[in-house]
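Written out below as structure tokens is the structure these notes cover.
What follows draws every value from the coordinates through simple rules; no lab data is involved. Every value quoted in this text rests on a predicted model; they were computed, and no experiment measured them. A quick note on method: Cβ atoms are made from the backbone with ideal geometry, for glycine too, and the neighbour counts reach across all protein chains shown.
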Amino acid sequence: MLGLLSGCATSVDSSKTAAVQAQDSYYAAAQATLQRIAAQRPNTGRAKNVILFVGDGMGVSTVTAARMFEGQMRGVDGESNVLAYEAFPYLALSKTYAHDAQVADSAPTAVAMTTGVKTSNDLIGLDQRGKLEDCETSKTTHVTTLWQMAEQAGLATGVITTARLTHATPSATYAHSASRDWESDADMPPEALSQGCPDIARQLIESNYGDGFELAWGGGRERFLPAETADPEDPSKTGKRKDGRDLTKEWLERFGDGGAYIWNAEQFKALDPAKAKHVLGLFNQSHMQYETDRAKDSAGEPSLAEMTTAAIDMLSSDADGYLLMVEGGRVDHASHESNAYRTLTDAVALNEAVKAAVAKVSTDDTLIIVTADHSHTLTISGYPKRGNPLLGLARGVDGELLMGDDGKPYTTIGFANGPGGLKEGARADLTDVDTTDPDFIQQSLVPLASETHGGEDLGIYAIGPWAHLFQGTVEQNYIFHVMDHASKIGARAAAATAAAPKTN
């Protein structure tokens, strides 16, 4: 057989083949990538600043879809497009399972990144020994977050989100709770209140680490205002608190002349980063608007990129450095609704925030990490032609609609489960439906009122000091350890605590 094959072989001039390939655009692009990566050198200096971007629910398929969508929005080739953080030099994969679950919610995944340990679903700031809705165990199992350590070390700290500030991901920077749902006292059972467990909103205001967060911006006014107080943007709505406490006033009382509370776009624009010392920003009664709806907000809301830029300006005044979390919280919410348009526009908004940060800082001394807490069941499927509108009906390379075995067309983007699932046993005919409409709900296989999270690994994209430590497939709580190693925050906090005067 070997002789037969040898006899049939055609002589090939490898030098000519290589010369032909070298003219190929894909070949040339790959060679450029090779040279760029080969020239990379690790930065082992100390990270003065650390910025952690979290695209809530932004799994690998969502990143891929956002890349194509963002490119198509700009009128360029979406498939070969590159998001800002995809140009970062270092990448790893994150395993997101919780201590008690194959597929995690946002609480344990955020805790993993902010504290360095894995915990169970629905727990905030507690280790694996914590028990859901058990106030007493929360007193003995809480773990210190990197943000709290940073405060002890004298750094400036901040958290930004488009969700409620008391939601799972942002609260994991400052709170310890036996339930992620204990956002205000009105959300807590009587026994937990009687046992002295504070709600999550109170913990932000009352934090006794350092001098408190320099900034906390997002939604969620209702958790900070008493039930007797009308919302400033919509007087037909009120706060949720039953204890009568107005935590926005308590923030101002705590920080005095250095404190500020803002709740609309005008106040945000008037903010002077040089003078602001501790700023609480609550831009909606509940979650902030989706990016595509933001312009319709009656009081106006800053974009995630605008908040990121202002936060860096404000935090940079601290000579010791800063630690900042920026969450695109509503990427997750739109996916729960199986609404790919809003999922992707909010993912693009997070990318804009990353671009804004890269433009503001020096990655010589600032470590930037972009990742997610968990995935969703968003799928990219079929055999659509290159350049096919990502949210449109799938068309093959011949331009014809691709059909399912039921004789009906389908979209490239779908969800494995969710509100678009089959309810009557037959899939809707999308032939005359505008699937690019912002309100279109993608079809899915399993009908659920709310689409679920996905359990696959996530990307971790990094640039700056010690970013090269992100390699291979790692546990999600490893992210904390890289941030701490790069910044030495934990050691600096321990030294500051040891040097502090002892009180009786």
Interatomic Cα distance distribution for the range 202-241, bins of 5 angstrom, percent: 6, 20, 24, 19, 16, 10, 4, 1
What residues have an amide H closer than 5 Å to that of VAL159, excluding those fewer than 5 places away on the same chain, when H is modeled at 1.01 Å from N in the peptide plane? LEU215, ALA216, TRP217, MET325
Give me, ordered by chain and number, the residues 5 or more places off HIS99 or on other chains with an amide H under 5 Å from its own placed amide H. THR119, SER120, ASN121
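Label the range 4-124 by shape, choosing from rounded, prolate and oblate, from the square roots a ≥ b ≥ c of the eigenvalues of the Cα gyration tensor; if a/c is under 1.5 it is rounded, and otherwise prolate applies when a/b is larger than b/c, oblate when it is not. Could you put the intermediate results ahead of the total?
Numbers: a/c = 2.24, a/b = 2.07, b/c = 1.08.
Judged from the Cα gyration tensor, the range 4-124 comes out prolate (a/c at least 1.5, a/b above b/c).
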Name the lysines eligible as straight-distance cross-link partners of LYS118: C-alpha to C-alpha under 29 Å, and not fewer than 8 places from it in the same chain. LYS48, LYS95, LYS131, LYS139, LYS488
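Relative to the Cα centre, what is the charge dipole magnitude of the chain, using +1 at the beta carbon of each Lys and Arg, -1 at the beta carbon of each Asp and Glu, and rounding to the nearest 20 debye?
Numbers: 42 positive and 67 negative charges, 287 e Å.
Here the size comes out at about 1380 debye.
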Cut-off under 13 Å on the C-alpha distance; same-chain residues fewer than 8 positions from LYS408 excluded. Which aspartates and glutamates are left, in chain and number order? GLU400, ASP429, ASP432
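Taking the Cβ of THR377 as the centre, find all other residues whose Cβ is under 10 Å away and add up their charges (Lys, Arg: +1; Asp, Glu: -1). Could the numbers behind the result be given before it?
Working: positive: none; negative: GLU451, GLU456.
Every neighbour counted, the sum reads -2.
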Quote the Stokes-Einstein diffusion coefficient, in whole µm² s⁻¹, for the range 431-504, based on the Kirkwood radius over alpha carbon pairs, a temperature of 37 °C and a viscosity of 0.692 mPa s. 185 µm²/s
What is the pair-distance distribution P(r) of the range 106-264, computed from all Cα-Cα distances in 10 Å bins starting at 0, with each bin given as a whole percent? 12, 41, 36, 11, 0
Using the Kirkwood radius over Cα pairs, work out the Stokes-Einstein diffusion coefficient for the range 236-380 at 10 °C and 1.306 mPa s, in µm²/s as a whole number. 93 µm²/s
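Given the convex hull of the Cα atoms of the chain, what is a quarter of its surface area in nm²? It would help to have the intermediate numbers written out before the result.
Working: hull surface 123.5 nm².
The number I arrive at for the chain is 30.9 nm².
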Using Cα centres only, tell me the gap between the range 411-432 and the range 230-295 in whole Å. 40 Å
Tell me, what is the percent relative contact order of the chain, built from C-alpha pairs under 8 Å that lie six or more residues apart? 24 percent
Ratio of Rg to Rh over the range 381-451 (Cα coordinates, Kirkwood Rh, two decimals): 0.96
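Can you give the helix-only mean residue ellipticity at 222 nm for the chain, where every DSSP H stretch with n ≥ 4 adds -39500 (n - 2.57) and the sum goes over all residues, rounded to the nearest 500 deg cm²/dmol?
On the way: 17 runs with 160 residues, N = 504.
After summing the helix terms and dividing by residue count, I get -9000 deg cm²/dmol.
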Where does each of ASP105, ASP405, ASP439, ASP332 land when they are ranked from fewest to most other beta-carbon atoms within 10 angstrom? ASP405, ASP439, ASP105, ASP332
Just want the answer: with Cβ charges of +1 for Lys and Arg and -1 for Asp and Glu, which residue in THR435, GLY396, PRO447 is farthest toward the dipole's positive end in the range 381-451? GLY396
With charges set only on the Cβ (+1 for Lys and Arg, -1 for Asp and Glu), what does the dipole of the range 206-354 come to about its Cα centre, in debye to the nearest 20? 340 debye
LEU165's amide H: which non-local residues (gap 5+, or another chain) put their own amide H closer than 5 Å, with H modeled 1.01 Å from N in plane and none for Pro or chain starts? GLY219, GLY220
For the range 362-504, what value does the Rg/Rh ratio take when both radii are computed over Cα atoms and Rh is the Kirkwood radius, given to two decimals? 1.22
May I ask you to list the lysines whose Cα is less than 27 Å away from that of LYS296, ignoring any residue fewer than eight positions away on the same chain? LYS237, LYS240, LYS269, LYS355
Per the C-alpha gyration tensor (a ≥ b ≥ c, the square roots of its eigenvalues), the range 372-413 is rounded if a/c is under 1.5, else prolate if a/b beats b/c, else oblate; here it's oblate
Determine the sum of side-chain charges near GLY418: Lys and Arg each +1, Asp and Glu each -1, restricted to other residues whose C-beta is under 11 angstrom from that of GLY418. -2
How large is the charge dipole for the range 374-504, taken about the Cα centre, if only the Cβ atoms of Lys, Arg (+1) and Asp, Glu (-1) carry charge, to the nearest 20 debye? 860 debye
What order do you get for CYS135, CYS197 when you list them from fewest to most C-beta neighbours inside 10 Å? CYS135, CYS197
Everything considered on the Cα gyration tensor (a ≥ b ≥ c; rounded for a/c under 1.5, else prolate if a/b is larger than b/c, else oblate), the range 212-310 must be described as oblate
Which of ARG74, ARG41, ARG221, ARG202 has the fewest other C-beta atoms within 10 Å, and how do the rest follow up to the most? ARG41, ARG74, ARG202, ARG221
